[in-house]
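Undergrad: Input: one structure, supplied below.
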Amino acid sequence: MAPRTCVKDFEVNFGDYVPLSTLDWPGKASVVFFLRDCPFRCPYCQNYSILNGYELVESSQIRQLMETSRPFVSSVVISGGEPLQQEKAVSGIAQMARDMGLLVGIHTNGVHTDVLEDLIENELVDGVFIDVKASLENAEDYGRMIGYGSYPAVTISPLDAVNNVQRSIKMAAENKLLQELRTTVLPGFMDKPEDIESIASSIVKCAGRDIPYFIQQGETEHSMDRNLRELSPLSRDELLSLGNAATPFLNNVCIRTGKNGTEKITSNQSVA
Ligand code: SF4
């Protein structure tokens, strides 16, 4: 497919931005733009305030924000919501970053494979951070994690979702992009070692054993689903157990907790 033309003037359905972050692309200082809209409604979503609605912002305003951060950052991260839902905006922001000599990272749920392909063909992306919400071979679990059947806004079928996420991961691996896969875990959502075993086994088939895989502690109190807000997050020990379930399949497994940050899991790491 021939690369499409990149846009210079565009509008962004804007959610928010962070002028300087060291968390959104670990190891790099980034300016982060959050774009509105998403085809999923994960019950545990923390960014649910920007899943819909409109706040249109001109490209000139985005440029101004990026120029202000430029002396302090090496990269632009485009997040959401689901940023690839806004093809022109994400392409325009990425081109703007390139013009300023900045790296481009995308946080994505992986479902808009064609948009990711276009960015890759135009050499507008360096790193992708893809959510793997459940096993990529279990459409039923995936559907539950993305709110299919519970939220009318979710119209993509779970089978299409898993197929697209698989394609996105394979494409990023084949094009040798920096890639990080992430699963957010909460009580009742991918909280059992067998859930993580299934996820890890499905990841290997897409991207091999060496792909970095992060199991993230979901923050229950800020969840979109009010019923989750009363629950306690999974503990570090529970995440360690989940991490241990992934290590027979994957060589680079980490857990992330609010208190301890990122910790690499070595094989059969003991739980205190
Ligand atoms: S993919 Fe899920 S968690 Fe991410 S922004 Fe969309 S609804 Fe929220």
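Undergrad: With +1 on each Lys and Arg Cβ and -1 on each Asp and Glu Cβ, how big is the dipole of the chain about its Cα centre, in debye rounded to the nearest 20? Don't skip to the answer; put the middle values down first.
TA: On the way: 24 positive and 36 negative charges, 82 e Å.
The calculated dipole for the chain is roughly 400 debye.
Undergrad: Subtracting the Cα-Cα distance from 0.36 nm times the residue separation, let me have the gained length for Lys176 to Phe72 in nm, one decimal. Working shown, then result.
TA: Values: separation 104, 0.36 × 104 = 37.44 nm, distance 2.69 nm.
Stretched fully, the Lys176-Phe72 segment lengthens by 34.8 nm.
Undergrad: Another one. Taking amide H atoms as placed 1.01 Å from N in the peptide plane, list the residues 5 or more away in sequence, or in a different chain, whose amide H sits under 5 Å from that of Asp16.
TA: Amide H to amide H, under 5 Å and 5 or more residues apart or across chains, Asp16 pairs with Phe34.
Undergrad: Give me the distance between the Cα centres of segment 130-198 and segment 72-99, rounded to whole Å.
TA: If we compute the Cα centre of each part, the gap is 22 Å.
Undergrad: Another one. Taking the simple approach of a point 7 Å from Cα along Cα-to-Cβ for both Ala29 and Glu137, what is their distance in nm?
TA: The answer from the label model is 4.5 nm.
Undergrad: For the chain, take the longest principal axis of its alpha carbons; what is the angle in degrees between that and the long axis of helix 193-207, to the nearest 10 within 0 to 90?
TA: With rounding to tens, the tilt is 40 degrees.
Undergrad: Would you calculate a helix-derived [θ] at 222 nm for the chain, using -39,500 (n - 2.57) for each DSSP H run of n ≥ 4 and dividing by the full residue count, to the nearest 500? Before the final figure, lay out the partial values.
TA: Values: 7 runs with 83 residues, N = 272.
Dividing the helical sum by the residues of the chain leaves -9500 deg cm²/dmol.
Undergrad: OK, next. Could you list which residues have their amide H under 5 Å from that of Leu234, counting only those 5 or more apart in sequence or on another chain, with H placed in the peptide plane?
TA: Those lying under 5 Å, H to H, from Leu234 are Gly218.
Undergrad: Same structure, new question: Using a simple spin-label model with points 7 Å from Cα along the Cα→Cβ vector, what separation in nm is obtained for Asn122 and Glu55?
TA: If labels sit at Asn122 and Glu55, their model points lie 2.5 nm apart.
Undergrad: Here is a further query. Sum up the charges of everything whose Cβ sits under 13 Å from the Cβ of Cys206, counting Lys and Arg as +1 and Asp and Glu as -1, but leave Cys206 out.
TA: Values: positive: Arg167, Lys170, Lys205, Arg209; negative: Glu137, Glu174, Asp210.
Residues near Cys206 contribute +1 overall.
Undergrad: Which trypsin sites (Lys or Arg not before Pro) from segment 137-191 combine a DSSP loop assignment with at most 11 other Cβ atoms within 10 Å? Walk me through the numbers before you get to the answer.
TA: Working: sites: Arg144, Arg167, Lys170, Lys176, Arg182; in loops: Lys176.
Listed in order of number, the matching sites are Lys176.
Undergrad: What's the FRET efficiency of Glu230 with Val18 using the Cβ-Cβ distance as r and R₀ = 45 Å, to the nearest 0.05?
TA: Values: r = 29 Å, r/R0 = 0.63.
The computed FRET efficiency comes out at 0.95.
Undergrad: Now for a separate question. Given just the C-alpha atoms of segment 11-264, how large is their convex hull per residue in cubic angstrom?
TA: 114 Å³
Values in this text are rule-based calculations from the coordinates and carry no lab data. Fair warning: this is a prediction, and the values are worked out from it, not measured in the lab. FYI the Cβ positions are ideal-geometry reconstructions off the backbone, even for glycines, and counts take in every protein chain you see.
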